[in-house]
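Take a look at the structure below.
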Amino acid sequence: MTHTTDTERAVDIRGLDVTFSTDGGDVRAVRDVSLHVQRGEVLAIVGESGSGKTVTARSILGLLPETATAEGAVLLDGIDVVAIGREELRKVRGTKAAMIFQEPSTALNPVFTVGWQLIEGLRAHRRISRKDARATAVEMLGRVGIPDPEKRIDHYPHQFSGGQKQRIVIAMALALEPTVILADEPTTALDVTVQAEILDLLRRVRDEFGTAIVLITHNMGVVADLADRVAVMLNGEVVETAPARELFASPQHEYTRRLLAAVPRLEIVDRQPPASVSDEAVVEADGLVIEYPGRLGTPTFRAVDGVSFRIGPGEVLGLVGESGSGKTTIGRAIAGLAPVSGGSLRVLGAEMNGMKERRFRRLRKDLGFVFQDPATSFNPLLTVAECVAEPLIVHGTARTAADARDKVDELLEAVQLPKAFGDRFPHELSGGQRQRASLARALALDPKLLIADEPTSALDVSVQARVLDLFAELQARFGFATLFITHDLAVVDILAHRVVVLHRGRIAEEGRTADVLGSPKDAYTQRLIASLPVPDPVEQEVRREAWRRAQS
């Protein structure tokens with residue numbers, strides 16, 4: 001193991017303890033953590049939700065809430081962040097350390113141009129004229145790969161794609177040439193192809209600027225792609241630290257081994273579709289067209305253009321593609337939430353083109369919907385049992401939540417939640433537990449078709465693995481057909497009998513999952529698979545070079 005001197009360390013955390021004061025007593029979130037990051041090094045801090053990784057990283061910038069008490073030392077470029085006051089902290093933020101947040105849309109102010117936001121950040125910390133600040137901002141936008149930066153600097157955040165917004169946030173972080181960048185789940189909300197570009201950009205930031213990067217993530221593929229060293233956290237403690245290659249090849253701690261075993265991988269499993277007793281499809285699209293009317297003179301936008309596919313009884317169809325490919329629009333049309341503009345879409349025998357809401361209402365009880373973020377789909381004022389009972393009450397199967405309680409308890413146990421959890425409120429459950437409750441609610445009326453829209457993308461890998469295992473088990477047990485919408489090809493490989501790859505509203509490729517993922521014919525599908533990071537630094541390095549060659 002190489003030893004570094006204090007002057008080579010961008011960040012040096014020594015014996016950090018962080019305690020939060022709550023109504024229920026003190027909660028010790030971080031326990032005696034000691035870590036360091038060298039200049040020009042990427043340290044990944046990994047662990048599940050509640051492990052203390054984000055609290056540890058935020059302590060580097062002094063971004064802890066007032067209810068938090070920090071003890072120990074956090075040396076940022078030689079300055080102890082724990083010991084200094086607010087005014088000194090303000091000077092340190094941006095110049096010594098900067099943060100890239102998980103969701104760039106919330107980090108950018110929608111009412112100001114991106115140029116204004118970059119320029120104000122520069123002028124807040126430097127004595128610089130507006131003209132020079134604008135020139136620097138244009139240069140930074142160009143360096144992070146924003147095309148035509150001289151013009152785009154005057155555009156607003158909503159005029160950029162998700163990947164471009166994340167690049168702008170990185171440009172803001174780099175503008176003041178900080179010693180260290182803290183990247184908190186910087187690629188979670190991004191498609192795999194955009195994620196590959198952002199990871200490549202962060203790698204260039206490390207190599208060209210000599211910037212240290214602290215990467216907080218639960219995606220072990222991203223860790224394998226970018227990290228030099230890895231620190232694994234569990235219950236507020238660091239349980240293992242090692243160079244990335246060493247940790248992936250020979251994890252020492254039982255928890256690290258469990259974390260790596262839970263990562264979904266492309267194994268190309270050939271799943272035979274169920275032998276159906278009926279030839280009638282649950283969903284059948286033929287030349288499906290979905291358009292959104294333009295506003296204020298803008299032309300009509302065609303989100304789905306001539307798409308044809310079918311889902312048989314008991315079959316799982318994976319619908320994959322990047323943001324804007326039309327996959328969620330198709331899911332919404334099947335659920336009666338988006339109008340069909342042309343072609344045919346038959347759902348449970350009913351034609352959706354021209355379907356009136358009143359006529360479709362009777363079919364809704366045969367549809368279940370699992371959302372990406374169950375926290376926003378649950379009423380926070382209702383208990384979990386009341387939330388799960390809602391479909392039963394709406395469709396007249398039960399008069400009250402109390403009447404439905406036996407059925408709710410049965411559903412909670414089916415998704416491996418103790419029935420006592422029914423008396424809790426949604427915020428009292430973890431992310432994985434809420435997603436299980438969401439699955440229970442979707443199954444309440446014994447649906448013939450389940451629509452699952454990115455149901456595991458926000459979950460930790462071990463929680464995701466348990467939810468996917470549970471999903472497969474329930475699907476085999478109850479036999480409902482499923483439309484599984486995702487951008488994660490490894491998840492499709494685990495669950496789907498067949499897959500449809502969408503690109504800009506059209507089908508790029510379709511077929512049995514093993515055929516499409518094992519030997520893709522379309523260049524777009526090949527690019528999607530090449531962009532997917534694998535949890536193995538050695539293999540990922542080879543894939544990264546192949547990806548780079550494909551881009552050139």
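FYI, it's all coordinate maths here, none of it is from the lab. Please read these numbers as outputs of a predicted model, since none were measured by experiment. Heads up, the Cβs are rebuilt from the backbone with ideal geometry, glycines too, and the neighbour counts pull from every protein chain shown.
Okay, here's what the table says:
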quantity: Computed [θ] at 222 nm, deg cm²/dmol, the chain (DSSP H ≥ 4; -39,500 (n - 2.57); rounded to nearest 500); calculated: -10500 deg cm²/dmol
quantity: Burial ordering of 207, 12, fewest other beta-carbon atoms within 10 Å first; calculated: 207, 12
quantity: Estimated distance in nm for a label pair at residue 292 and residue 159, the labels positioned 7 Å out from Cα along Cα-to-Cβ; calculated: 1.8
quantity: In order through the stretch 10-23: 3J(HN,Hα) via Karplus (6.51 cos²θ - 1.76 cosθ + 1.60), integer Hz, x for Gly, Pro; calculated: 6, 9, 9, 9, 10, x, 6, 10, 10, 10, 9, 8, 10, 4
quantity: Degrees separating the helix 461-478 axis from the principal Cα axis of the chain, which is the longest one; calculated: 0
quantity: Exposure proxy order (Cβ contacts within 10 Å, fewest to most) of 427, 487, 395, 503; calculated: 427, 395, 503, 487
quantity: Count of Lys pairs (Cα-Cα under 25 Å; at least 8 positions apart or interchain) in the chain; calculated: 22
quantity: Mean separation of Cα contacts under 8 Å (6+ apart) over length of the stretch 104-177, as relative contact order %; calculated: 44
quantity: Local electrostatic count at residue 154 - Lys and Arg +1, Asp and Glu -1, tallied over other residues with Cβ under 13 Å; calculated: +1
quantity: Contact order normalised by residue count of the chain, Cα under 8 Å, 6+ apart, percent; calculated: 15
quantity: Peptides 115-123, 416-424 ordered by average Cβ neighbours within 10 Å, highest first; calculated: 115-123, 416-424
quantity: For 20, 484, order by how many other beta-carbon atoms lie within 10 Å, fewest first; calculated: 20, 484
quantity: Candidate values (1) 138; (2) 152; (3) 171, label of the one derived for volume of the Cα convex hull per residue in Å³; calculated: (3)
quantity: Crossing angle, helix 384-394 versus the chain [Cα axis fit, 0-90 degrees, rounded to tens]; calculated: 30
quantity: Antiparallel bridges, percent of DSSP beta bridges restricted to the chain (to nearest 5); calculated: 55
quantity: The stretch 282-347: trypsin sites (Lys or Arg not before Pro) in DSSP loop, at most 11 other beta carbons within 10 Å; calculated: 295
